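For reference, the structure discussed in these notes is given below.
The values are calculated or read from the model by the stated rules, or taken from the named source; none is laboratory data. Predicted model only: the values in this text are computed from it and were never measured. Every residue, glycine as well, gets a Cβ built from its backbone with ideal geometry; the counts of neighbours run over all protein chains shown. For accessibility, only protein heavy atoms count, side chains too; no ligands or nucleic acids. Shrake-Rupley method; radii C 1.70, N 1.55, O 1.52, S 1.80 Å.
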Amino acid sequence: MSSKTVVDGVYWISVNDRNKKLFEALWPLPNGISYNSYAVVGNDAVALIDAAPEEFLQDYINGVEEVVGDFSKVKYLVMNHLEPDHHGATPYILQKFSHIKVVTSVSASRFIHSLYKVPADRIFAVKDGDTLDLGGRRLRFIYAPWLHWPETMFTYLEGSGVLFSCDAFGAYGALENVFDDEVDLEYYLTEAKRYYANIVAKYGKNVLDALEKVKGMEIKIIAPSHGPIYRSNIGRILELYRKWATPEPDKHRALLVYGSMYGRTKRIAELVAGKLREIGFSVNTFDVSETHPSYILAELLDAYLLFVVYPTYEGGVFPYIHNLLNLLQSKDFGKGRVAAVINAHAWAPTSRQVVDALQKAGFRVLEPAVDAKALPDEKAIASMEKLFEAVKEL
Ligand SMILES: Cc1cc2nc3c(=O)[nH]c(=O)nc-3n(C[C@H](O)[C@H](O)[C@H](O)COP(=O)(O)O)c2cc1C
Ligand SMILES: [Fe+2]
Ligand SMILES: [Fe+2]
């Protein structure tokens, strides 16, 4: 637990989880994750911006007391987003400190009960653009739906220009220091990219809408709820978000993913990589059994062509490829991208299943999808040649 002044009267209350291995039980955390909360201290009231997970309740309470003295001054707990990584502790805080009201979007106020038992008279629902006076300081609430749930909003501290953005602009990785100019920024930007690909990417259109909405505002600090606070590199993180959210991948970049149990499919994948390079692509290759899809999704943000080479397994698609396809579908990753498929099998071709999944994820899938024998015969080789012709046309 540590705390720090963000600007005069605004404090960072951070809980670092260095033990968690998977965020959302899905995404690897090699260096943990931070849950950033903030205290905004006005003359009449203190507002907390988001809180902490349930298991860090006591650490969080200690952190708040460290910066504001005691909880009697805290009148509001702003819930920018209801996900339990920010609010697992909130029902306990409300129970313990019966004077605190939660401030949420109208949409959040409609489903807060499905996650937390908060009495209706403790909820103060705000509309887009509403303000809250803390005495000499005013918070403004800016709806930013789907970053990353339907109810999400930003909170903006007028005058100081601090944008509390919750998940948006967040990064994996626990924090020792907090500001972008104090940490290893390149590392956190890599983790911000992976976080974006895993958590936010499905909602690219909403990211662009939110960026448009805050465009004219004076933003001096971006204070997300995970990862570093930006004060020296605001333009950079905004620009990266614009780039990641706009599907304009480099037409010469390919991502090749393959699975292989005994090496035959790997040899086909190596041949494909060579061909793609000959055609003029830069190729990033991943063995799906070795690289977690979290990292593959992040790499895919920059690629135009996704090439999938995999074996049939128990009558279906090789499991780790299947898992990747599910994620691509659930995150609509194919928009603006092209895919190609080669299946290797002993007796049961399955490329159609993969083509369907890729199309559902939004990819334009090149013809032909190739069904090759484990050791490709002449027919399969001819089919692959045709596929490479289609790739050349891109
Ligand atoms: C456990 C296992 C299950 C398999 N299931 C099927 C199957 O259902 N249908 C099929 O045509 N081939 C099946 N195969 C054969 C593989 O798809 C084929 O041999 C492929 O070329 C394996 O590639 P690899 O050498 O890269 O592992 C199976 C292979 C293994 C090891
Ligand atoms: Fe979230
Ligand atoms: Fe979060």
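Selection over the stretch 63-107 of residues that are β-branched (V, I, T) and in a loop (DSSP other than H, G, I, E, B) gives a count of 1.
Just so you know, in the stretch 174-203 the residues that are open to solvent by 50 Å² or more (accessible area, probe 1.4 Å) and more than 16 Å from ligand 2 (Cβ to nearest atom) include one that is nearest to N19 (Cα to Cα), and it is E176. Put simply, of D59, D44, D17, D70 the only residue that is surrounded by fewer than 20 Cβ atoms within 10 Å (Cβ to Cβ) and in contact with a Pro (Cβ under 8 Å, 6 or more places away or on another chain) is D17.
Looking across the stretch 75-90, the residues that are open to solvent by 30 Å² or more (accessible area, probe 1.4 Å) and more than 16 Å from ligand 2 (Cβ to nearest atom) come down to K75, Y76. Exactly one condition in (1) under 11 Å from A171 (Cβ atoms); (2) assigned to a helix (DSSP H, G or I); (3) in contact with a helix residue (DSSP H, G or I) (Cβ under 6 Å, 6 or more places away or on another chain) is not met by Y187; state its number. Unmet for Y187, out of (1) under 11 Å from A171 (Cβ atoms); (2) assigned to a helix (DSSP H, G or I); (3) in contact with a helix residue (DSSP H, G or I) (Cβ under 6 Å, 6 or more places away or on another chain): (3). Just wondering, is there one or more residues in the stretch 204-226 that are more than 20 Å from F164 (Cβ to Cβ) and crowded, with 16+ Cβ neighbours inside 10 Å? The answer is yes; a qualifying residue exists.
Any idea which of A192, A201 is in a helix (DSSP H, G or I), within 30 Å of V126 (Cα to Cα) and touching a Lys or Arg at 6+ places or on another chain (Cβ under 7 Å)? If you could, list the steps in order and put the result at the bottom.
Details: A192 fails: touching a Lys or Arg at 6+ places or on another chain (Cβ under 7 Å).
Exactly one residue qualifies, and that residue is A201.
Within the stretch 360-372, the set of residues being outside any strand (DSSP E or B) and in contact with a helix residue (DSSP H, G or I) (Cβ under 6 Å, 6 or more places away or on another chain) comprises K360, A361, L366, P368, A369.
Residue-wise test of (1) in contact with a Phe, Trp or Tyr (Cβ under 9 Å, 6 or more places away or on another chain); (2) farther than 21 Å from P150 by Cα; (3) modelled with pLDDT of 95 or more.
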residue	(1), (2), (3)
Y35	yes, no, yes
G42	no, yes, yes
L57	yes, yes, yes
I100	yes, yes, yes
S107	yes, no, yes
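Among residues of the stretch 251-265 that are in contact (Cβ under 8 Å) with a residue 60 or more places away in the chain and away from ligand 1 (no atom under 16 Å from the Cβ), those with a Cβ under 8 angstrom from a residue that is open to solvent by 10 Å² or more (accessible area, probe 1.4 Å) and part of a loop (DSSP other than H, G, I, E, B), sequence gap 6+ or separate chain, pair up as K251/L394.
Within the stretch 334-359, being open to solvent by less than 10 Å² (accessible area, probe 1.4 Å) and not in a helix (DSSP H, G or I) holds for G334, V338, A339, A340, V341, I342, N343, A344, T350. Conditions: (1) hydrophobic (A, V, I, L, M, F, W, C); (2) touching a Gly at 6+ places or on another chain (Cβ under 9 Å); (3) within 16 Å of ligand 3 (Cβ to nearest atom); (4) not in a helix (DSSP H, G or I). I219 meets all but one. Number of the miss? Only one criterion in (1) hydrophobic (A, V, I, L, M, F, W, C); (2) touching a Gly at 6+ places or on another chain (Cβ under 9 Å); (3) within 16 Å of ligand 3 (Cβ to nearest atom); (4) not in a helix (DSSP H, G or I) is unmet by I219, namely (3). Filtering the stretch 241-272 to residues that are surrounded by fewer than 19 Cβ atoms within 10 Å (Cβ to Cβ) and small (G, A, S) leaves only G263.
Taken together, G135, G170 contain a single residue that is within 16 Å of ligand 3 (Cβ to nearest atom) and closer than 30 Å to K96 by Cα, which is G170.
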